[in-house]
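Visitor: Supplied in structure tokens, the structure appears directly below.
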Amino acid sequence: MIFVGEGALLWRAVQHTLDSNLPVDLVCGPASCAPAALPGVRFRAVADINSVAGELVAACTDAVVWSINNRMIFRAPVLSTGLRVLNIHHGPLPGYRGLPEVALVYAMLHGEREFAATLHQVDEGIDTGPTLAADSYPIGPDEPYHVVLRRGLQTCHQLFERCVPLVAADPAWAGEPTRPTGDERGGYFGRKALARLHQHRDNPHFSRATDLGFLAGYLPELSTALR
């Protein structure tokens with residue numbers, strides 16, 4: 001298995017895979033996320049994952065690539081190699097595609113009472129590939145954003161832990177027969193949606209939906225947009 005991404009979610013997934021005696025062939029991500037020390041794990045610093053498509057093919061022993069907390073977009077150089085790219089997305093699909101931290105703000109502004117972590121196969125679109133599994137979690141009516149986000153990140157990791165042995169046993173795993181998904185109308189929440197957040201200050205949920213708490217320093221784009 002190859003892992004692509006950054007941050008604590010990525011490294012928790014890598015460590016869990018190692019602890020489960022499953023192979024970690026390579027980890028790719030920005031140079032800034034290189035681990036201080038993780039014995040037996042090879043790290044490849046990269047700004048564009050598509051530029052190392054050949055290296056991924058050469059390194060991968062099971063044709064599976066996990067995308068965990070990853071902002072790089074997979075394009076044809078990787079998607080045409082035969083590698084299967086699986087992404088853990090923080091949000092129910094197809095209702096909340098795009099940047100998870102932005103999508104969650106809008107979900108709370110919409111008054112959603114639950115959100116989800118979704119495992120899907122990556123295709124040429126952004127968060128548009130087939131859904132394989134999803135785990136929902138509640139959003140309390142008075143809970144601030146930072147509390148909900150922490151719960152969501154934990155749900156993302158638990159979804160990975162639940163699904164990685166299934167993929168390891170069958171790299172072509174077709175997913176669960178019943179998979180909860182988001183609103184079929186769909187919606188994309190990226191940087192344009194981030195720039196429009198100030199237009200929602202009259203929303204009764206705005207205060208709690210934008211209460212970043214101690215996470216403000218970890219979400220610089222969102223924090224800046226809310227100033």
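Visitor: Can you list which of the GluC sites (Glu not before Pro) found in the range 98-143 are DSSP loop residues with at most 16 other C-beta atoms within 10 Å?
Guide: Listed in order of number, the matching sites are Glu124.
Visitor: Amide H neighbours of Leu26 under 5 Å, counting only residues 5+ apart in sequence or on other chains, H built in-plane at 1.01 Å?
Guide: Result for Leu26 returns Phe3.
Visitor: Could you point to the label whose value was computed as semi-axes √(5λ) of the Cα gyration tensor in Å for the structure here, given [x] 35, 26, 15; [y] 43, 20, 14; [z] 30, 19, 17?
Guide: [z]
Visitor: For Arg84, which sequence-distant residues (separation of 5 or more, or a different chain) have an amide H within less than 5 Å of its own amide H, given hydrogens modelled in the peptide plane?
Guide: Counting only residues 5 or more places away or on other chains, the set is Val64, Val65.
Visitor: Under 8 Å for C-alpha pairs, at least 6 residues apart: give me the relative contact order for the range 1-156, rounded to a whole percent.
Guide: 19 percent
Visitor: How tilted is helix 145-169 with respect to the longest principal axis of the chain? Cα atoms for both, answer in degrees (0 to 90, nearest 10).
Guide: Compared with the principal axis, the helix lies near 30 degrees.
Visitor: Using alpha carbon centroids, what distance separates the range 21-63 and the range 114-134, in Å?
Guide: Centre-to-centre distance over Cα atoms comes out at 22 Å.
Visitor: Would you calculate a helix-derived [θ] at 222 nm for the chain, using -39,500 (n - 2.57) for each DSSP H run of n ≥ 4 and dividing by the full residue count, to the nearest 500?
Guide: -9500 deg cm²/dmol
Only the coordinates and a few stated rules stand behind these numbers; no lab work does. Being a predicted model, the structure only gives us computed values, none of them experimental. With ideal geometry, Cβ positions are generated from the backbone for all residues, glycine too; neighbour counts draw on all protein chains shown.
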